[in-house]
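Asker: What follows is a structure written as structure tokens; I'll ask about it next.
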Amino acid sequence: MDQSIRWGIWGTGAIANKVASDIPLAKGAILHAVASRTEERARQFALRHRAAKWYGSLGAMLADADVDAVYVSTPNHRHAGDSIACIEAGKAVLCEKPFALNLAQAQQTVDAARRSKVFCMEAMWTRFIPAVIEAKRLIDSGAIGPVRLIQGNFGFIAPEGSKPRLFDLAMGGGALMDIGIYPISFAHHLLGAPQSVTGTTRLGPTGVDLHSAYQLLYPNGALADLWSSFQVQGTNEAFVFGERGMLHLCTPFYHAHRLILQTHTVAHSKGNGHPKSAGASLLGIAEAMGMAPAVKSMRRRLSPLLALLKRGRVQSFPFAGNGYQFELMEVNRCLREKRIESAVMPLDETLEVMRTLDALRSQWGMVFPQE
């Protein structure tokens, strides 16, 4: 039985090109068709990525019975309408983030998918990156204890006029919607829906946020301190602090190749049943020996190892391509198993993320014309 999933891509922008490049890396995925607003653009894209078919409209591609799933890669303001069109045509949907302009649109899309029993998922590809999967596993296993703080940022310098859609309010532009959603969704993934949301921003002349900061407070007292910007280059990394350690998703955290785990050393004392770790013991011995002449040479030789112990355990997660293949494989798996939602990126969580985005925009008075 053929288990291949035949994909169609709607939209031919930069992200669509990266996704198309990664489709051959996703086992069982085939790029069958591409559609754009002009047939010539679709044809060029199809030839570049070896797609069998190309179409000059979404409707024409949806009429192709061989298309199993559609990657929606249009501008933000088109996401909800395009996703619903695919769902109504019986095609599985993987929709670029943000899933919609607001919670109301997102809810309409979710309702359509559940009513039609058609698979639908937000393309928050970060959740499927191996380093992020390992970070979630470590947190769930208690490796760093209860999470108390998440810090993360995503920023780059985008001169106005360089990418018009980023600054166009009618197209759902702004730092929050384009890149702030990454650290926010990451916090939701680890801690769930926040109890309260506060944010500050600088709105630009077109009405979108040029850079903004967000604080998410959770019922257990945990806090997420996040920001995004089109005006400064961020470190683009994420830290998760627990009571017994820390995780560091190295830059860029949204498709990290390295993860650092650092656990706190616990001193062994009378009545305390927690012995030191081997790394802590080695550090303690070295410190206790002080600066004795015979020890100086040994310390110099051991300095790389001691530095590693202080820094924590570094894990590498190399992968080919851009990293979009992992979310594609999740969709493929769900379709083969006849699922209509992903347990890793469930629709209810997409709705909660949209609720958080709505709350922030409401505080800033940032209203899309469609609203």
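Asker: For ASP168, what residues show an amide H to amide H distance below 5 Å, using hydrogens built from the backbone and excluding near sequence neighbours?
Answerer: Residues meeting the criterion, in which the H sits 1.01 Å from N, are GLY173, GLY174.
Asker: Can you pull the Rg over Rh of segment 130-257, Cα-only, Kirkwood?
Answerer: 1.01
Asker: On to the next question. Would you kindly calculate the mean projected area, averaged across all directions, of the convex hull enclosing the Cα atoms of segment 31-113, in square nanometres?
Answerer: On the way: hull surface 19.7 nm².
For segment 31-113, the mean projected area of the Cα convex hull comes to 4.9 nm².
Asker: Follow-up question, since we're still on this one. For segment 66-121, which trypsin sites (Lys or Arg not before Pro) are both in a DSSP coil and crowded by at most 11 other Cβ atoms within 10 Å? Please report the intermediate quantities before stating the final value.
Answerer: Values: sites: ARG78, LYS91, ARG114, ARG115, LYS117; in loops: LYS91, LYS117.
Filter output for segment 66-121: LYS117.
Asker: Quick one: grab the alpha carbon gyration tensor of segment 201-254, order the square roots of its eigenvalues as a ≥ b ≥ c, and give me rounded if a/c is under 1.5, else prolate or oblate depending on whether a/b is larger than b/c.
Answerer: On the way: a/c = 4.61, a/b = 1.62, b/c = 2.85.
Since a/c reaches 1.5 but b/c is at least a/b, the shape of segment 201-254 is classed as oblate.
Asker: Too long at a 22 Å Cα-Cα cut-off: which of LYS18/LYS97; LYS27/LYS136; LYS27/LYS117; LYS91/LYS117; LYS27/LYS91; LYS53/LYS163? Mind dumping the intermediate values first?
Answerer: Numbers: LYS18/LYS97 15 Å; LYS27/LYS136 24 Å; LYS27/LYS117 25 Å; LYS91/LYS117 10 Å; LYS27/LYS91 20 Å; LYS53/LYS163 29 Å.
From the list (LYS18/LYS97; LYS27/LYS136; LYS27/LYS117; LYS91/LYS117; LYS27/LYS91; LYS53/LYS163), the Cα-Cα distance tops 22 Å for LYS27/LYS136; LYS27/LYS117; LYS53/LYS163.
Asker: So, one more: Restricting things to Cα coordinates, could you compute the convex hull volume per residue of the chain in Å³? Could the numbers behind the result be given before it?
Answerer: Details: hull volume 65.8 nm³, N = 371.
Expressed per residue, the convex hull around the Cα atoms of the chain is 177 Å³.
Asker: So which residue, out of ARG127, ARG336, ARG43, gets the largest mean-square fluctuation from a GNM of the chain using Cα contacts under 10 Å as springs?
Answerer: Looking only at ARG127, ARG336, ARG43, the biggest GNM fluctuation is shown by ARG336.
A short reminder: the numbers here are calculations on the coordinates, not readings from a lab. The shown structure was predicted, so the numbers you read here are calculated from the model rather than taken from an experiment. Cβ sites come from the backbone with ideal geometry, for glycine too, and all protein chains shown count toward neighbours.
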